[in-house]
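Here's the structure we're looking at; comments come further down.
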Amino acid sequence: MKTKFAILVLLLLLGFVSSDGVIIPVHHEDPYPLILNHYVTVTINDTYARTRVEQEFRNDGYRDLEGVYMFPVPGGGIRDVKLIVDGKTLEGTLLGSEEAKKTYQQYVLERRDASLLEYVGRDAFSSSIVLPRGKKVKVVITYEQILSSSAGLYSYMYPLSPERYSTKPIDPVNITININAPGTLGFIYSPTHNIIVQRGEMGKALVSYYEEKALPDKDFQLYYGVSNRDYDVKLLAQKSSDSGYFLIFVYPSIVNQTLIPKDVVFVIDTSGSMEGAKLDQVKRALKYGLDRLNEEDKFNIISFSGATKKYANTLQSVGSVQGAKNFVDSLSAEGATDLQDSLAESVTGFQNDSRVHLVVILTDGRDTTGHSNADIIKTLRGRADGAQRDFKLFAFGVGEDVDFELLDKLSNEFGDGIPTYIKNEADLEMTLKSFYDRISTPLLSDVRLTITPSSAPVVCEKGSTACVGVEGAVSTYDLLPRRIPDIFLGTQLVVAGRYGGYGSANVIIKGTINGIEKAIYYNVDFPKSESNNFVERIWALRKVGYLLDQITLDGETPELKQQVTELAIKYGIPTPYTSYLVKSPEGTEIRRDVGIAPMAENIAGGVYGVASAYKATSSMAQQTSQAPETKVIRDKTFVSVGGTWVDTECGDRSPTQTVPFGSEDYLRLTNDQKTANYLSVGDNALLCSAGGVLRITPASNAPPQNTNPQSPPVNGTQTGASNSSSIVTPVAAALVLFTVFITLSMLRKNPTPREPDDANIYRALSSDTRIDILNTLLEGERTPTDISSKLNKSKATIVEHLDKLREAELVEKIEVDGRKWVFYKLTPRGKSIIKKGG
């Protein structure tokens, strides 16, 4: 704690959090103010949108802060912008993109902060502002805009990109959007954030995003469709060359839909390992599922341990629900696990009719009665085929002892290929209830989806994943999922794929309703060029998921491994094969492994669970889909190598041009919007393009930030992301400053061969996390995984901070031949500073 006071009082909280609006200090020695919370309220009527933003800032500097409030406004006819600070309306200026770019360039140079280049290319609202020392200030900005819309597809974007090196979370970030559409609302989708959608009347919905202690790293994007047809079908695409990528959304409207009766058999594990809270949650969720049955539905319940136990010998109508609940209450956990007999028994009650037949199995273990996986699948297949019974199986695995391979194979052969794995028992009940809501009302079964050019005859083989029409027209391929799931009321089908050509195409959706074949035809336009980078990455995640699935189920082949490796490296996706061979700025070839292990540690099912998560991906927000130690900016992936962010397209190529950060050549590069956005990765980077390999080197004369030992002490200094504000008295502050001053004086008398300047040390120690890392290394050598576990932070975050500490020569990396792991330890300089500071 003393160490934190020593360093943080001296540095005056250099951590920077910029959200949608950021206050940039006029004097570079002043720290950025903290953003404490962030509320956004949006009202959309037809194409008119009004946005209200509330942010609370706090100036923890040693004096009143003179700053410029910069708000990078989205495109789309922004007007009536108002800025209110503590209830007073301030004058402001709406800057065009060129004028805003010059402003950002100026602050990039003055503050040595490349991240501001992220906003180059956007208009901006600017206003002068003063924040009193130690005070909180509430900033309110409102603006109006006309949303872009085409063929019933609407989009809204809100700039929510914080500075990527921030150590101070915003608590909370809350976005609320009220949609009043001019017709029936169809699909509602965010590729960037996990949203909650509450639908109201025909054209109304409430969309919300809420996160506590958040560090959002991307803008908030929302898409929604409006249609007066039974199904809303919309397309989002990405195309920059011959090959394009697309997402097709299919959403059934609430009106004019024929419902299909269903038969559901719940197969529940009641072996000894289910005892306690686990079984209690399953019981509550199962009773909830019984209540969600429709009037014409039928059901049965089978519990299994060492033997099977059935609620009834035949499928029961909903009039028997109360008796079924009593049966559920009577279940207890004991005995072994007989998966084979319970699964075989689950399909015997189904008839060869037009009803939808569903089997829901939940287990926390594997068969312990001597049945092999092959026997279990063979028996279930025989029971189903013998009576020509068609059914869909949904598998749920709880905990880490599940037979993941078996559930994967069952889901691939009898279901939609995506089992659900639940790592945390606390999530069990909510996950099951959400699933029962989803399958409550089937609308279309045995679904097939095909795409043909509008100018070509609509002729596609059943189950085809590619329909190629006339020469030069649209051709689609590599559609995922490979097996289209049934469509239920209130659910959203998302199909990802690739395409060549461009132009109009027919989307044909076929399925059965009560045994009657139905075909639905829609027309969509595949663009010649379009920039929605998330579309390509979502397709890549799904593709990797299916390839990993194929490897785990059928075995690894050179071809499969190569496909996974190429996709993983290009898009920064964690897999067992993700490994980058890159050349460091010094010319040394380095292999950086960013495998699947860190992600698999947090997902039930390990590699199986990760593959399932990838296959189900429809949004970049659904899971951590980016490999540790990587950053994605637009269409590029960067990997951290010794403190340098290396564009993975560079491979082992050497730099052809070196440009110092902040130089005239650097400024010329930032005049191009796309290049400027790439350069926001940092002031130490390798960037590749058709013109060669560009090396960006840090500025050697970066100004130290607030290093004046005569500066007044700071009150209310934050000592950690999770700690409350602490008061430092003037006497204590003076002692702390004196300690650090003596330490730096000693370092100057005993310089190392490559002594970093004081400013580098100040910047390196401006983070609570880095202070915690140094204290951890004071105990001895540690791996990044060790530090990550102790500090409860991601490995990617730890490695990034370690790179900063290495640049300041406070820690060093230890790599020994024959030693599996990489270790870090304190340098003599690091030990001296951390001990003197304490």
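Derivation of every value follows stated rules applied to the coordinates shown; laboratory data play no part. This is a predicted model, so every value here is computed, not measured. Every residue, glycine as well, gets a Cβ built from its backbone with ideal geometry; the counts of neighbours run over all protein chains shown.
Odds and ends about this structure:
- Segment Ser654-Glu559, extension gain: residue separation times 0.36 nm, minus the distance between their alpha carbons: 31.3 nm
- Each peptide in 54-62, 125-133 gets a packing score, the mean of other Cβ atoms within 10 Å over its residues, and the list from highest to lowest is 54-62, 125-133.
- Here's the list of lysines a cross-link from Lys298 could span, going by alpha-carbon distance under 16 Å and ignoring same-chain residues fewer than 8 apart: Lys262, Lys287, Lys310, Lys325, Lys392.
- Set of segment 275-300 residues, backbone N closer than 14 Å to the point 7 Å along the Cα-Cβ line of Asp329: 283-284, 287-288
- Proximal lysines to Lys543, defined as alpha-carbon separation beneath 21 angstrom and excluding residues fewer than eight positions away on the same chain: Lys239, Lys409, Lys561, Lys570, Lys615, Lys631, Lys636
- Simple label model, 7 Å out from Cα along Cβ direction - Val26 to Asp427, nm: 5.0 nm
- Taking every C-alpha pair closer than 8 Å and separated by at least 6 residues, the mean separation divided by the residue count of segment 321-442 gives a relative contact order of 23 percent.
- The packing ranking, built from the mean of other Cβ atoms within 10 Å per residue, places the peptides 655-664, 317-326 in the order 655-664, 317-326, highest first.
- Straight-line reach from Lys82: taking Cα to Cα under 21 Å and skipping same-chain neighbours fewer than 8 places apart, the lysines in range are Lys136, Lys138.
- Listed peptides 823-831, 31-39 by packing density, highest first (mean Cβ within 10 Å): 31-39, 823-831
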